[in-house]
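As structure tokens, the structure follows; a few thoughts come after it.
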Amino acid sequence: MNELELQLPTLEYKKSAEDFKGEFFENQETVINGSALFDQMEYEQWLIHNTNNQEGNIVNNNWVPATTFFAVRKNDLKIVGMIDIRHNLKNDFLAQYGGHIGFSVRPSERKKGYGTEILKMGIEYAKSLGIRKLMLGCFSDNLPSIKTIVKCGGKLTETKKFSDNQFLKIPDDKERLVNIYRIDL
């Protein structure tokens with residue numbers, strides 16, 4: 001596996017970021033976890049949104065300060081993943097389901113250990129923010145995320161029904177369960 005580094009998004013990453021997003025969409029994945037809504041915005045609009053969230057000038061009053069990074073492979077500068085570290089959980093969705101960190105690995109780069117590397121770097125960043133008890137959530141059928149979270153020290157504390165369809169469009173008749181994990185930093 002090649003080494004990764006976390007990079008703040010800039011205009012220079014536009015083409016690479018659009019390729020990253022396109023790969024998810026081509027794979028019929030319309031939600032990119034840990035992307036701070038990149039899956040719903042054009043790059044320039046998202047870049048402003050992302051920068052404002054990081055600086056605490058929250059674009060959406062119902063969100064929290066957060067820092068979103070690209071996980072870039074050092075040897076070829078390819079974006080292999082994204083991670084969003086929320087600075088606090090002063091939001092009902094995050095406190096109930098989302099947690100401090102969301103992350104994703106592009107479809108063509110999965111099963112290579114990148115998710116674990118990305119999450120470990122995100123945990124280190126969370127420590128630098130002064131977070132002492134990290135919460136992470138993922139759907140209970142998302143085995144790759146579960147394995148990654150556990151490998152990084154996550155302890156399952158709760159499994160509960162996901163009932164907040166304002167964030168994910170899930171048919172009301174389809175029940176989804178969310179696992180909640182804690183990591184003491």
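The values are calculated or read from the model by the stated rules, or taken from the named source; none is laboratory data. From a predicted model like this one, the values you see are computed outputs, not experimental measurements. Counting neighbours? That spans all protein chains shown, and the Cβs are built from the backbone with ideal geometry, glycine included.
A few notes on this one:
- S104 meets each of the listed conditions (1) buried (at least 17 other Cβ atoms within 10 Å of the Cβ); (2) at pLDDT 95 or above; (3) of a type in the set (G, A, S); (4) farther than 23 Å from L4 by Cα apart from (4).
- Residue tally, condition under 23 Å from F25 (Cβ atoms), assigned to a loop (DSSP other than H, G, I, E, B) and at pLDDT below 95, over the range 78-101: 0
- Some residue of the range 48-70 being under 12 Å from D84 (Cβ atoms), free of Cβ contacts under 8 Å to residues at least 40 places away in the same chain and part of a helix (DSSP H, G or I): yes
- Taking (1) in contact (Cβ under 8 Å) with a residue 24 or more places away in the chain; (2) part of a helix (DSSP H, G or I); (3) not aliphatic (A, V, I, L, M) in turn, S35 satisfies each apart from (2).
- Any hit, the range 123-133, residues being surrounded by fewer than 24 Cβ atoms within 10 Å (Cβ to Cβ), modelled with pLDDT of 95 or more and assigned to a strand (DSSP E or B): yes
- Taken together, the residues in the range 114-131 that are under 12 Å from A71 (Cα atoms) and in contact (Cβ under 8 Å) with a residue 60 or more places away in the chain amount to 5.
- Qualifying residue in the range 7-18 (condition: within 22 Å of G115 (Cβ to Cβ) and of a type in the set (A, V, I, L, M)): yes
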